[in-house]
Each structure stands twice: as C-alpha cells, then as structure tokens.
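The values are calculated or read from the model by the stated rules, or taken from the named source; none is laboratory data. Just so we're clear, the structure is a prediction, and the values are computed from it rather than from any experiment. Ideal geometry is used to build each Cβ from the backbone, glycine not excepted, and the neighbour counts take in all protein chains shown. These accessible areas exclude ligands, DNA and RNA; they are computed on the full protein's heavy atoms, side chains included. Shrake-Rupley method; radii C 1.70, N 1.55, O 1.52, S 1.80 Å.
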Amino acid sequence: MKATLSNYGQSPRKTRLVTELVKGKSVAEALTALKFLEKRASDPIAKLIRSALANAEKQGENGKALFIKSIRVDKGLVRVTQMPRAFGRATPLKHRMSHVRVELGKK
C-alpha cells in the first residue's frame, strides 16, 4: 500500500504545495482535488496515488475504504548547470528534484 516517485523534476518546495492539499483525504477525494488543480505536480502525484491504490488492490484491500495515511516529499538530486554572464564569467543554476512517497491506510 505504498508507492514512490524518485527524482521528480520539480523542487520539493513546489511539490509540497500539492501534497499538503491531499494529505488525510480519501483516495477518491484526493484524485478529484488533483484533477482540478492547476499545478504542474498534480498529474504525477495523482498517478502516484493511483499506483499505490493498485498496489493495495493487488494485496486484496478494498479501494473505496482507503485514505492517504502519509505523503512525504524529500529532497532529491540537484543538477547544476552554468549560465553565461558578463565578462566571460558563469553563474551556477541549481535544478532541484524531489522524492515523493505515499502510503495508504484503512479507515
């Protein structure tokens, strides 16, 4: 009844805005809320919740009685690239990634 998303290409700070919205809700309510949310992270998070739901149903659980017990966003890899600046210098750009972990529980 767990699922993970590794190295999602958006910063943890932006991803947590989406995950805080669905924390503690039932699976159906969470998927409905994510369907109408206009954030880039809403589609991958919805896909992750559906994956956790499929894992639970494969173990014989009732999908309608499940809720999001915990959803956690951790820091992932940080890819560093360079941006050209004046006088031949360069400035580093940090592209942050996230690890997301969701766990479903019974009501």
Self-check item: Crossing angle, helix 42-58 versus the chain [Cα axis fit, 0-90 degrees, rounded to tens]
Solution: 40 degrees
Quiz item: Roughly speaking, what is the centre-to-centre gap between segment 58-76 and segment 2-47 when only Cα atoms are used, to the nearest Å?
Solution: 12 Å
Self-check item: trypsin sites (Lys or Arg not before Pro) lying in DSSP loop within segment 26-93, provided at most 11 other Cβ fall within 10 Å
Solution: R85, R89
Quiz item: Where does the longest stretch of the chain lie that holds no GluC sites (Glu not before Pro) found in a DSSP loop with 16 or fewer other Cβ atoms within 10 Å?
Solution: 62-107
Self-check item: Convex hull of the chain built on C-alpha atoms - directionally averaged projected area, nm²
Solution: 7.1 nm²
Practice problem: For segment 1-82, calculate the relative contact order in percent as a whole number, restricting contacts to Cα pairs under 8 Å that are 6 or more residues apart. | Solution: 45 percent
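Gain in length, K2 to F87, computed as 0.36 nm per residue apart minus the alpha-carbon separation, to one decimal in nm?
Details: separation 85, 0.36 × 85 = 30.60 nm, distance 5.11 nm.
Contour length minus the Cα-Cα distance gives 25.5 nm.
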Quiz item: Based on the Cβ-Cβ distance from E20 to R96, what FRET efficiency comes out when R0 is 22 Å, to the nearest 0.05?
Solution: 0.80
Quiz item: Relative to the first principal axis of the alpha-carbon coordinates of the chain, what is the inclination of helix 12-22, with its axis defined by its Cα atoms, in degrees from 0 to 90 and to the nearest 10?
Solution: 20 degrees
Practice problem: Could you please state how large a percent of the accessible area of the chain is carbon and sulfur, counting protein chains only and using a 1.4 Å probe? | Solution: 51 percent
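What value, in deg cm²/dmol to 500, does the helix sum -39500 (n - 2.57) over DSSP H runs of n ≥ 4 give at 222 nm once divided by the residues of the chain? If you can, show how the numbers build up before the last one.
Numbers: 3 runs with 37 residues, N = 107.
So the calculated ellipticity at 222 nm is -11000 deg cm²/dmol.
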Quiz item: What full-extension length gain, to one decimal in nm, is calculated for K47 and V78 as 0.36 nm per residue of separation minus the Cα-Cα distance?
Solution: 8.8 nm
